[in-house]
Amino acid sequence: MEIILRPTEPKDLETFFIFQLDEEANHLAAFTSVDPTNKSAYISKYLKLWNDPTVNMQTIIVDKIIAGSIAKFEIKGEAGITYWIDKKFWNKGVATKALKNFLNVEKTRPIFGRVAFDNFGSQKVLEKGGFVKIGKDKGFANARKTEIEEFIYQLS
């Protein structure tokens, strides 16, 4: 299985939008948009990020098929990482390999990852990528319509 990253193109957002409609994926991600079915809001949000010079947005390609996205973004001067993998590529090492590839190119450190307390797959991906759990926080999870605990990870 060949896993490569390339800069995200606006046309990729259509595929990413479809990925994030999956109910199980939304539940695990937890901290999603208020209405994941609002395509125009989704595309608009990600076009703004795509044009933001502090964002490094990459498309994950597996054997010439778009399998997900990974990005570095900044909030209040802190670098964060986010990724979303199409469900059909779960449990195949795609997220782990994509994260390692991404971190070889994106050198911003420290970089933080946040993950829902019960998203064990994403926790493993961050840990395999060298991230260390440094704390906890609580936040409102739109996908669950309640406040939940999230773990904060850091890569120095």
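The values are calculated or read from the model by the stated rules, or taken from the named source; none is laboratory data. On a predicted model such as this, the values are computed, not experimentally measured, just so you know. Neighbour counts are summed over all protein chains in view; Cβ atoms, including those assigned to glycine, are modelled from backbone coordinates with ideal geometry. Just the protein is used for accessible areas: all its heavy atoms, side chains included, with ligands, DNA and RNA removed. Shrake-Rupley method; radii C 1.70, N 1.55, O 1.52, S 1.80 Å.
Across the range 1-61, the relative contact order, built from alpha-carbon pairs under 8 Å that are at least six residues apart, equals 62 percent. Counting only DSSP beta bridges with both residues in the range 11-156, the antiparallel share comes to about 95 percent.
Prolate is the label for the range 13-52. Its Cα gyration tensor axes, ordered a ≥ b ≥ c, give a/c of at least 1.5 and a/b above b/c. For the peptides 56-69, 73-86, residues were scored by their other Cβ atoms within 10 Å and the scores averaged per peptide; the highest-first order is 56-69, 73-86. Computed over the chain with a Gaussian network model linking Cα atoms closer than 10 Å, the most mobile of Leu47, Leu28, Leu99 is Leu47.
Taking the average, over residues, of other Cβ atoms within 10 Å as the packing measure, peptides 134-141, 100-107 rank 100-107, 134-141 from highest down.
For the cross-link pairs Lys11/Lys97; Lys100/Lys128; Lys92/Lys136, the ones whose C-alpha atoms lie over 20 Å apart are Lys11/Lys97; Lys92/Lys136. With each label modelled as a point 7 angstrom along the Cα→C-beta vector, the Thr82-Leu49 pair spans 0.3 nm. Residues in the chain average 56 Å² of solvent-accessible surface per residue, probe 1.4 Å, ligands and nucleic acids excluded. Determine how large the accessible area of Val132 is when every protein chain is in place; take a 1.4 Å probe and give Å² rounded to the nearest 10. Around 90 Å² of this residue is reachable by solvent. Ellipsoid semi-axes for the chain, based on the Cα gyration tensor and the rule √(5λ), read 20, 19, 16 Å when sorted largest first.
Sequence-distant contacts, meaning Cα pairs under 8 Å at least 6 residues apart, place the relative contact order of the range 46-156 at 19 percent.
The range 110-130 and the range 23-100 have Cα centres lying 14 Å from one another. Counting 0.36 nm for each residue step from Lys64 to Ile152 and taking away their Cα separation leaves a gain of 28.4 nm. Extension gain, Arg6-Ile18: 0.36 nm per intervening residue step, less the Cα-Cα distance, totals 2.4 nm. If you sort Ser40, Ser156 by accessible surface, 1.4 Å probe, largest first, the order is Ser156, Ser40. To put it simply, the accessible area of the chain at a 1.4 Å probe is 54 percent carbon and sulfur. Between Ile60 and Ala67, Gly68, Ser69, Ile70, the built amide H atoms are under 5 Å apart, and every one of these is 5 or more places off in sequence or on another chain.
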